[in-house]
Amino acid sequence: MKLRSFVILLVVGFCPAALAADYKPDFKLSVVVNEDTSWGRAANRFADAVEFRTRGRIKMRRYFEGRLYTGEQTTEFNLMQEGRADFIIGSTINWSPQVKELNLFLLPFLFSNYAALDAVEMGEPGRRLFKLMEQNGVVPIAWGENGFREVTNSNAQFESQMISKD
């Protein structure tokens, strides 16, 4: 059975302290997953584009599989707040301990389809969530989607009842 809940991918940019800092040639990009995923490929494209557009004056060091935060995914947002990461591609599920309102995306069956989710992200709720993240020291750049979550259990009778209600 598939739930119509989504995990949202965020690409998050400079913390305010980094915006005011002097020019620096190296930036750290943290990615929760490995390089061979869609998020990993997006991270590489983003980093390559920055390096290309700056004619190599700015390099993006890429840290895949949580290497920058040593496997503690829920501390990833703190890396941005503390300036230990400059960019992050990660999930709201891992950032909700710092910004409770991001739990919105963990509510099962909240969105009936991708269009409904897009309307929330691009509308007033999405703008308000961006402001909340900024108030917590992180500047969001974009939303991205990570698909559906699946729910299973060991009770076949319960599962068949749920499927028949769809």
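The values are calculated or read from the model by the stated rules, or taken from the named source; none is laboratory data. What you are looking at is a predicted structure, and each value in this text was computed from that prediction instead of being measured. Every residue, glycine as well, gets a Cβ built from its backbone with ideal geometry; the counts of neighbours run over all protein chains shown.
Checking P97 against (1) under 14 Å from the mean Cα position of the chain (by Cα); (2) assigned to a helix (DSSP H, G or I), only one condition comes out false. Which one?
Tallying (1) under 14 Å from the mean Cα position of the chain (by Cα); (2) assigned to a helix (DSSP H, G or I), P97 fails exactly one: (2).
Which of the numbered conditions does P108 fail, given that it passes all the others? Conditions: (1) in contact with a Pro (Cβ under 7 Å, 6 or more places away or on another chain); (2) touching a residue at least 40 places away in the same chain (Cβ under 8 Å).
With (1) in contact with a Pro (Cβ under 7 Å, 6 or more places away or on another chain); (2) touching a residue at least 40 places away in the same chain (Cβ under 8 Å) applied to P108, the lone miss is (1).
Working only within the stretch 62-93, note down all residues that are within 12 Å of the chain's Cα centre (by Cα) and under 23 Å from Y23 (Cβ atoms).
Within the stretch 62-93, F87, I88 meet the criteria.
Which residues, counting only those in the stretch 34-89, are assigned to a helix (DSSP H, G or I) and among the basic types (K, R)?
Within the stretch 34-89, R41, R45, R53, R67 qualify.
Looking at the stretch 116-137, I want the residues that are at positive phi and have a partner that is modelled with pLDDT under 90 and part of a helix (DSSP H, G or I) with Cβ atoms under 6 Å, at least 6 apart or on another chain. Which pairs are those?
Listed by first residue and then by second, the contacts come to G137/Q81.
Which residue out of K59, K100, K165 is more than 30 Å from D48 (Cα to Cα) and modelled with pLDDT of 90 or more?
The match here is K100.
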